[in-house]
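S.K.: I'd like to ask some things about the structure below.
The values are calculated or read from the model by the stated rules, or taken from the named source; none is laboratory data. All figures in this text were calculated on a predicted structure; none of them were measured in a lab. Counting neighbours? That spans all protein chains shown, and the Cβs are built from the backbone with ideal geometry, glycine included.
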Amino acid sequence: MPMFLHQWCYKDQQIRQMLDDVEEIDRAELVRTAIEAFGGAMHSFFYCFGEYDGAAISEFADETTALACVMSIYGQGRVFSVRTTPLFLPQNGMKAIRLAQTILKSDKARDSAAAPRSSNAATGH
């Protein structure tokens, strides 16, 4: 099943609510519940500083289901920015590298076969 890295920024109101209700709201559990509602699984959850406030790694049956989950989170109005990045296992990355290499080699072979041969007009060769 495809895996995804989700990164998001909370709206200021959500940050204030977290500070006011620190014991009442488990953000990791909220994210897990949203992911599981779409049949996904949350593998990890992190708070961040820098460009994003939080991150999670999830797994869904397909990209469409992951997109639907992200859209539902946006629709709740708690975040103003979400970035979702598809993740590839090392063996899938290697398969992609080999496929790219095969295509590049076939393109080079085709290009060299189609290239006109140079001749030296001055010597007739």
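S.K.: Which condition does Asp21 not pass, out of (1) at pLDDT 95 or above; (2) charged (D, E, K, R); (3) exposed (fewer than 13 other Cβ atoms within 10 Å of the Cβ), if it passes all the others?
M.R.: Evaluating Asp21 over (1) at pLDDT 95 or above; (2) charged (D, E, K, R); (3) exposed (fewer than 13 other Cβ atoms within 10 Å of the Cβ) leaves (1) as the failure.
S.K.: Given the range 5-84, what helices (runs of 4 or more DSSP H) lie entirely inside it while holding 3 or more residues that are under 19 Å from the mean Cα position of the chain (by Cα)?
M.R.: By residue number, 27-37, 63-75.
S.K.: Go through the range 24-61 and give me each residue that's at pLDDT below 90 and surrounded by 14 or more Cβ atoms within 10 Å (Cβ to Cβ).
M.R.: Arg27
S.K.: Could you grab the pairs with beta carbons closer than 9 Å, sequence gap of 6+ or different chains, first residue in the range 34-62 and without any contact (Cβ under 8 Å) to a residue 40 or more places away in the chain and among the aromatic types (Phe, Trp, Tyr), second one assigned to a loop (DSSP other than H, G, I, E, B) and loosely packed, with under 13 Cβ neighbours inside 10 Å?
M.R.: Pairs found: Phe38/Ala61.
S.K.: Return yes or no: is Arg110 in a helix (DSSP H, G or I) and either of a type in the set (Val, Ile, Thr) or modelled with pLDDT of 95 or more (or both)?
M.R.: Details: in a helix (DSSP H, G or I): yes; either of a type in the set (Val, Ile, Thr) or modelled with pLDDT of 95 or more (or both): no.
No; evaluated as a whole, the condition is false for this residue.
S.K.: Still on this structure: Could you list, in sequence order, all residues of the range 21-68 that are more than 14 Å from Arg83 (Cβ to Cβ) and touching a Ser or Thr at 6+ places or on another chain (Cβ under 8 Å)?
M.R.: Of everything in the range 21-68, those that are more than 14 Å from Arg83 (Cβ to Cβ) and touching a Ser or Thr at 6+ places or on another chain (Cβ under 8 Å) turn out to be Ala34, Ile35, Ala37, Phe38, Gly39, Gly40, Ala41, Met42, His43.
S.K.: Would you mention how many residues in the range 1-18 are surrounded by 11 or more Cβ atoms within 10 Å (Cβ to Cβ) and under 19 Å from Gly75 (Cβ atoms)? Break it down into steps so the answer makes sense when it comes.
M.R.: Just the residues of the range 1-18 that are surrounded by 11 or more Cβ atoms within 10 Å (Cβ to Cβ), to begin with: 1-11, 14-18.
From what's left, under 19 Å from Gly75 (Cβ atoms): 4, 6-11, 14, 17.
So the count comes out to 9.
S.K.: For the range 69-97, enumerate the residues that are among the small types (Gly, Ala, Ser) and either crowded, with 16+ Cβ neighbours inside 10 Å or farther than 24 Å from Asp12 by Cα (or both).
M.R.: Gly93, Ala96
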